[in-house]
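Worksheet for the structure shown next.
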Amino acid sequence: MFIKKKNINFFYEDLHLIFYYLFVVAIFLLFFSFNQDFSINLLSLSSSMSNIGFSLDHDQSNLNFIFLILVIVGGSFFSTSSGLRFMKIYSLFKYSINQILSFSRPKNIFMNKLSFTEINFDFKEINKYFLTIVIFVISLFTLTILLSLSLMDFENAFKLSILTIMNTVNSAAYGLSDFNFNSLNYFTKYCLILFMIIGRIELLTILIIIKNFLFKD
């Protein structure tokens, strides 16, 4: 009864996430499951896409980078925060392609509309999506530098920075299952806590609140 009262536009994000998930699963099934049980990869990729981070204690060093990419993209299947969100990246990509095509083919009209729906892109939302990615990149490199200055090797610093900002548990899927947080100094721990909060509530949200508070019309 509830579904009948809603049109397809109401479920647009869920539809895109389902196609995104099925596409990633198909890629892993075809190209990354020759030497090990597919269920191990399925658990790791589902956990990475939802920013949970759990995985079995199994060597997946050849897939660490791919799982980290999935963590960054996120998906919001089971998580209400963290991850850049698939819909943000997809919307930015499609909007950018349409802008390029509109300059190369000025006589044609390109609709900035999400697939499977009648929803058009809001230009203000596109600006927010782009700013979110810029803030993530700045936060990632800032935290990586701070961790590197704490005598942590660059690879672990980079991986841990991604997982911290995306609020994802370290595990074997990312090559950090044996990472010892007790050995970190207080400065490093405070940095991780700060950037975990920034990743959770999104720095863009704080900037918008400050802007509205300081620059009232």
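Every read-out reported here was derived from the displayed coordinates using simple, explicitly stated rules and does not represent laboratory data. Here the structure is a predicted model, which is why all the values come from computation and not from measurement. Don't worry about glycine lacking a Cβ; one is built from the backbone with ideal geometry, like all the others, and counts go over all protein chains shown.
Observations on the model:
- The ranking of Ser102, Ser39 from fewest to most other beta carbons within 10 Å of each one's beta carbon is Ser39, Ser102.
- For the cross-link pairs Lys94/Lys159; Lys159/Lys189; Lys128/Lys189, the ones whose C-alpha atoms lie over 26 Å apart are Lys94/Lys159; Lys128/Lys189.
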